[in-house]
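A short write-up of the structure that comes next.
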Amino acid sequence: MDLLAAKEHDPAARNAFEIILTYSGFHALVFYRVAHFFHVHGFKLIARIISAWARFRTGIEIHPAAKLGYGIFIDHGTGVVIGETAEIGNNVTIYQGATLGGTGKDTGKRHPTVESGVMISAGAKILGPITVGRNAKIGAGSVVLKDVPENATVVGVPGVVVRLNGERVDDLDQNLPDPVEEHLTKLEKRIKELENKLGEK
């Protein structure tokens, strides 16, 4: 299914033989499935060694404890990181530089759950024990820190839903807030207030 996904989603793929020999995303998934087998059967050191070799060989890091479905396509792939407690459904497409990571040193479930049919664009960061609903799309460079509903499109830093079920979200404000600028504006206002008070004395 992973092989078929690569063939279906990449117009540059001429045949299955080419994918098997040259696609780092496909190689990473094969290494992961071997490592995951050893991990679930208690051979965790062997699993980590295979995972480390796969990272060195492909530039893609998938923790052997992560739970991945089938029909996954990792395009180009360099810099993709999938954390230990991440879960990915079937028919998910992941582009280069995407991260399914944690947000700290918490124990337990600390990585995202990505449901089937999701597309994660280049450089997107999905962080924490959140859920990305079925058939959602995560825009390039987005940082997603909250649950994403099914059939949603998310863009920006932090990520906001701009489309839901194919319809544009009405209250969308493309001018996303800049917290640093907001803080500086408040400080500037406060300084002026204090200067006015000093001037009155």
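Quick notes
- Check on Leu29, assigned to a strand (DSSP E or B) and touching a residue at least 12 places away in the same chain (Cβ under 8 Å): no
- Among the residues listed as Thr93, Thr99, Thr78, the single one being of a type in the set (Ser, Thr, Tyr) and within 10 Å of the chain's Cα centre (by Cα): Thr99
- Residue check: Gly42 meets all listed conditions (1) surrounded by fewer than 22 Cβ atoms within 10 Å (Cβ to Cβ); (2) in contact (Cβ under 8 Å) with a residue 24 or more places away in the chain; (3) on the phi > 0 side of the Ramachandran plot but one, namely (2).
- All of (1) closer than 26 Å to Met1 by Cβ; (2) of a type in the set (A, V, I, L, M, F, W, C); (3) not in a helix (DSSP H, G or I) hold for Ala52 with one exception: (3).
- Matching residues in region 88-114 - criterion: being charged (D, E, K, R) and either closer than 21 Å to Thr58 by Cβ or out of contact with any Ser or Thr (no Cβ under 7 Å at 6 or more places or on another chain) (or both): Lys105, Asp106
- Residue in region 40-49 that is farther than 22 Å from Gly128 by Cβ, in contact with a Lys or Arg (Cβ under 6 Å, 6 or more places away or on another chain), part of a loop (DSSP other than H, G, I, E, B) and of a type in the set (A, V, I, L, M, F, W, C) present: no
- Residues located in region 92-117, provided they are in a loop (DSSP other than H, G, I, E, B) and either closer than 20 Å to Ser24 by Cα or touching a residue at least 60 places away in the same chain (Cβ under 8 Å) (or both): Val92, Gln96, Gly97, Ala98
Bear in mind these aren't lab numbers, they're just calculated from the coordinates by the rules spelled out. These numbers were taken from a predicted model, which means no experiment stands behind them. Note that we place each Cβ from the backbone using ideal geometry, even for glycine, and neighbour counts take in every protein chain shown.
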